[in-house]
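J.: Sharing a structure below in structure tokens format, with a few things to ask.
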Amino acid sequence: MNAAELLDEIQAELAPHDDDNRLVPLIAAGKAPRAVFAALAAEERWITRSDWRSFHEMASRADDPDARTFFGTLAPGERQAYAMLDALIAAAGPDPGTDLPRAGCQAYPAFVAWLALHGESAATAAGIYANFAAFGTYCGIVAAAMREHYGFDDAACAFFDFFAADVPEIGQQALVAIQAGLDAERLDLEAAHRYARLFQHYELLFWNTLADEFAE
């Protein structure tokens, strides 16, 4: 098995649950209240700041230079995304939630932080990258709906535009890092599948926590 085949196999397992996100369809239809964007921005500020540190830690722990390159590329993106949230916060207003930050939303970065300390690099890269496509699709749908149904400008949508964009270089770096782990027989296939499944579950928990709170 090579890296591309492993990712195809993992993504095939994840695909049946990609539509379990209950918030994105509400936003796409313009049926979610505008206040949900204030909550998204507030929670993402916590997440991007945490993931920035976690990716730096992953890069520093990685024995393989290809894994260091992959994680090292992800870290600046989180910093960029963090700065992009300012415009959304200004446009959406304060988060109306009363229990902040929300545990269901912050389980995702907690798992990323755990992997930064305990995960084998190649299996972690596989788990992370296997979920990129679904997250990018969610963000693209949200960005389009923000403009169409909620009247947000480009600056307010920039965070979701950023993660919706296809960046082939990151995909190539992920494949190289995963392949290096396979070639060196360091990559635990079971762990790669497990990490990917947990990433998906925590990702869905993030969106569905907000879906439950803001369902009308």
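J.: Would you pick out the residues in segment 84-119 that are more than 18 Å from ASP153 (Cα to Cα) and acidic (Asp, Glu)?
T.: If the condition is that a residue be more than 18 Å from ASP153 (Cα to Cα) and acidic (Asp, Glu), then ASP95, ASP99 are the ones that fit.
J.: Only one of ASP86, ASP66 is charged (D, E, K, R), under 20 Å from ALA165 (Cβ atoms), open to solvent by 10 Å² or more (accessible area, probe 1.4 Å) and assigned to a helix (DSSP H, G or I); which?
T.: Exactly one of ASP86, ASP66 is charged (D, E, K, R), under 20 Å from ALA165 (Cβ atoms), open to solvent by 10 Å² or more (accessible area, probe 1.4 Å) and assigned to a helix (DSSP H, G or I), namely ASP86.
J.: Which one of ALA15, ALA35 is surrounded by fewer than 18 Cβ atoms within 10 Å (Cβ to Cβ) and in contact with a helix residue (DSSP H, G or I) (Cβ under 7 Å, 6 or more places away or on another chain)?
T.: ALA35
J.: With the condition kept exactly as written, say whether any residue in segment 71-83 is open to solvent by 30 Å² or more (accessible area, probe 1.4 Å) and touching a Lys or Arg at 6+ places or on another chain (Cβ under 9 Å).
T.: yes
J.: For PHE37, are the conditions met, namely being part of a helix (DSSP H, G or I), aromatic (Phe, Trp, Tyr), farther than 30 Å from LEU189 by Cβ and at pLDDT 95 or above?
T.: So PHE37 passes the test.
J.: Then there is this: If you check HIS149 against the conditions, is it touching a residue at least 24 places away in the same chain (Cβ under 8 Å) and on the phi < 0 side of the Ramachandran plot?
T.: It is true that HIS149 is touching a residue at least 24 places away in the same chain (Cβ under 8 Å) and on the phi < 0 side of the Ramachandran plot.
The values are calculated or read from the model by the stated rules, or taken from the named source; none is laboratory data. What you are looking at is a predicted structure, and each value in this text was computed from that prediction instead of being measured. We place every Cβ from the backbone using ideal geometry, glycine too, and count neighbours over all the protein chains shown. Side chains included, ligands, DNA and RNA excluded: accessible areas come from the protein's heavy atoms. Shrake-Rupley method; radii C 1.70, N 1.55, O 1.52, S 1.80 Å.
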